[in-house]
Amino acid sequence: MSRKFLRSKVPASFSDGDIGLAMKDGLREIRFNLKRGAHKLVEGVQTATHRDDGTARGRLGEPLGLAVRTTAQLLRTADHAAVDLLSSDGHYRAMEIPLCPSATYFSAEHAIDPIRLFTRDHHWRYRHLLSLRGTHDLFVYEQRIERAGQQLRSAFDPAKAPAAPAEPWSRQQLNARIVLALQAADVLTPAIDTPEAGEESGLNDHAALCVVLAGELAPLLSGPVRQQTEMALRLADEACSTHQAAWARAMASPTPDTALAAWMTFVLRYL
Amino acid sequence: MLDIRTAQHWAASPDSLAQIRTWRWFREAVPSVVSDLAVRISTAEQPATEAVVEVLPLGRAFWAWVSVLDGLRRYEPLEPEDYAHFASGVLLVYLLRERPLHWPGASRSQEVLVLTQTAMTLLSAWRTTLGASALSDQIVEVNDAQWSSYIENITENADVAVAYLDFFTGREPRWQLPLILTERPLFARALAERHATAARS
């Protein structure tokens, strides 16, 4: 835990919104690494003290364990205080806001601060997905989601993007572009000192696809919002895990947006 | 050879023909019937409580199955009943390939029996939805030699499970190219008639 906690950097050209999200990501990253560190410390001490062999280390086991548990408790208290500072998006955290198709944030009708809403919504989709999978060693960068959204939005603006599409994209083409933008943004990063980091970081492509698919699925499901959200993320996760070869081929094709749109159309027909 | 009560339950859903081809339905329904069928053939020495259906191989089987059906959707209205037999056979092929049933100590024959009965249960529900006669009346009694030959052949090439399922359910099996729908006698005939009609008009 002696290494630096914060790896996210504020880009050279930034806006007020960037600073806000960079601070949020920074605070979250500190919390995330502290929590993971505390968890590992408790685990490590417990393992060591179970080997009570009558030596000095063994006799020290009980007070050492108590000290570590107290430290972990203090960290948790500090953590809860930090959550209060960051909890303006509590409704997303509590899964109280129904998931919507990701494409709706990029439609002409969605006029009220769509990128901010897209960013919050997708940040929490990622976090809920990781939690459902039981993956705790990956950090979700909210600012990178915002940047992906901004880049995608500018692709629709003829003033900013002369090569803007002549014909409007279909819903699945747009979804495919969102997936590719999130994939390129490397939204997930492994926790510091995580041995299995390399393995887990492969989830970037998978998670980008899942969070967008879940937005298409949730409105088709019944039940309370929380249940819909969990089920949509679970179904998307299962589909992406069990049909991985097909979407990986689509992403690697020379026209990934078209191939991915076709794959999503197919999968949604049978989900 | 099949779970009639489950098949009736599946067929009772108002949208069952579309529903049985969705992962949402499949991931719940198929493990449940597989477990029930395993219980039926379990013994005191080999209880079915040990039998588990694993999601990953089940999902791989499902997506491979619907990928095949997706490319053949336009043929379904030509011979809906024969299409149901073919589709159930293709499902059996992928269940046999992916082997989602994890049942420690069970023989290959027991595992294949459960998966075959699962495909037949789905076929029975599909036929009921179409208003076809009960599948239980069509099922052929299989002797030990035929069953052994089935196990041997599907171990070599799972594709022939389509032909075997036709054989078990009283249809004319097509041993060559069993995964080609348009080579099935009823479909070949229907397509020839369609071409002849088109040529006349």
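Here is a list: B:163, B:134. Which entry is at pLDDT below 95 and among the small types (Gly, Ala, Ser)?
B:134
Among (1) away from chain A (no Cβ under 14 Å); (2) over 30 Å from residue B:182 (Cβ atoms); (3) surrounded by 15 or more Cβ atoms within 10 Å (Cβ to Cβ), there is one condition residue B:96 misses while meeting the rest; what is its number?
Failing condition for residue B:96: (2).
Search the range B:12-23 for residues that are within 14 Å of chain A (Cβ to nearest Cβ) and pair each with any residue that is not in a helix (DSSP H, G or I) when their beta-carbon atoms are under 9 Å apart and the residues are at least 6 apart or on different chains.
Between residues of the range B:12-23 that are within 14 Å of chain A (Cβ to nearest Cβ) and residues that are not in a helix (DSSP H, G or I), the close pairs are B:19/B:13; B:20/B:13; B:22/A:271; B:23/A:271.
Just to confirm my filter: which helices (runs of 4 or more DSSP H) fall fully inside the range A:166-271 and include at least 3 residues that are away from every other protein chain (no Cβ under 14 Å)? Before you say what the answer is, go through the steps one by one.
On the way: elements: A:171-184, A:197-201, A:203-217, A:225-242, A:244-252, A:256-270.
Ranges flagged: A:171-184, A:197-201, A:203-217, A:225-242, A:256-270.
Where in the range A:57-160 are there helices (runs of 4 or more DSSP H), lying fully within it, with 2 or more residues that are of a type in the set (A, V, I, L, M), surrounded by 12 or more Cβ atoms within 10 Å (Cβ to Cβ) and modelled with pLDDT of 95 or more?
A:114-133, A:142-154
What number goes with the only condition from (1) under 30 Å from residue A:133 (Cβ atoms); (2) surrounded by 17 or more Cβ atoms within 10 Å (Cβ to Cβ) that residue B:3 does not pass?
(1)
Considering every residue within the range B:32-48, establish whether at least one is without any contact (Cβ under 8 Å) to a residue 40 or more places away in the chain and within 18 Å of residue A:235 (Cβ to Cβ).
yes
Being under 15 Å from the mean Cα position of the chain (by Cα) and among the hydroxyl-bearing types (Ser, Thr, Tyr) is the filter here, so list the residues in the range B:68-104 that pass it.
Once the filter is applied, which keeps residues that are under 15 Å from the mean Cα position of the chain (by Cα) and among the hydroxyl-bearing types (Ser, Thr, Tyr), the range B:68-104 yields B:83, B:88, B:94.
Within the range B:114-137, can one find any residue that is under 15 Å from the mean Cα position of the chain (by Cα), surrounded by fewer than 22 Cβ atoms within 10 Å (Cβ to Cβ) and of a type outside the set (S, T, N, Q)?
no
Consider residue B:197 against the criteria (1) on the phi < 0 side of the Ramachandran plot; (2) at pLDDT 95 or above: it satisfies all of them except one. Which criterion is unmet?
Exception for residue B:197: condition (2).
Out of the residues in the range B:39-61 that are surrounded by fewer than 20 Cβ atoms within 10 Å (Cβ to Cβ) and in a loop (DSSP other than H, G, I, E, B), which is nearest to the other protein chains (Cβ to nearest Cβ)?
B:54
Every residue in the range A:217-235 that is surrounded by 15 or more Cβ atoms within 10 Å (Cβ to Cβ) and free of Cβ contacts under 8 Å to residues at least 40 places away in the same chain, please.
The answer is A:221, A:231, A:235.
Just checking: which of the helices (runs of 4 or more DSSP H) contained wholly in the range B:79-196 hold 1 or more residues that are within 24 Å of residue B:12 (Cα to Cα) and among the polar types (S, T, N, Q)?
B:80-98, B:108-130
From the list B:124, B:133, B:148, which residue is hydroxyl-bearing (Ser, Thr, Tyr) and over 20 Å from residue B:79 (Cα atoms)?
B:148
Among the residues of the range B:62-89, how many are closer than 23 Å to residue B:110 by Cα and within 14 Å of another protein chain (Cβ to nearest Cβ)?
Residues meeting the conditions: 3.
The values are calculated or read from the model by the stated rules, or taken from the named source; none is laboratory data. Predicted model only: the values in this text are computed from it and were never measured. When we count neighbours, we look across all protein chains shown, and the Cβ atoms used for this are built from the backbone with ideal geometry, even at glycine.
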